[in-house]
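Chemist: This structure is in structure tokens; I'll ask about it shortly.
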């Protein structure tokens, strides 16, 4: 099984300064996950935490883009006359 360093992208943090501390990285993870990160993550180095935050952030952005694309594709299956009322209901 590959190590954590091999699973995470080796790049800087988009939207987070490169000087992110351990505490800031853990807070960013908590914000992204919507819950306190697992206790085992506290044993990661500062660089590993930064890379994990970036990996989660990248995954979230990709997931949001895929969801948006799927939603747009779904509209193609709805008859033209029903689209306006459905958009009004859905919001």
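Readers should treat all values here as calculations from the given coordinates under stated rules, not as data from a laboratory. Here the structure is a predicted model, which means the values were calculated and not measured. Methodologically, a virtual Cβ is constructed for each residue, glycine included, from the backbone with ideal geometry; neighbour enumeration extends over all protein chains shown.
Chemist: Calculate, for residue 74 and residue 39, the FRET efficiency according to 1/(1 + (r/R0)^6) with r their C-beta to C-beta distance and R0 35 Å; round to the nearest 0.05.
Modeler: Numbers: r = 40 Å, r/R0 = 1.14.
Taking R0 as 35 Å, the efficiency between residue 74 and residue 39 is 0.30.
Chemist: Same structure, new question: With each label point set 7 Å from Cα along the Cα-Cβ vector, what nm distance links residue 65 and residue 87?
Modeler: According to this spin-label approximation, the distance is 2.4 nm.
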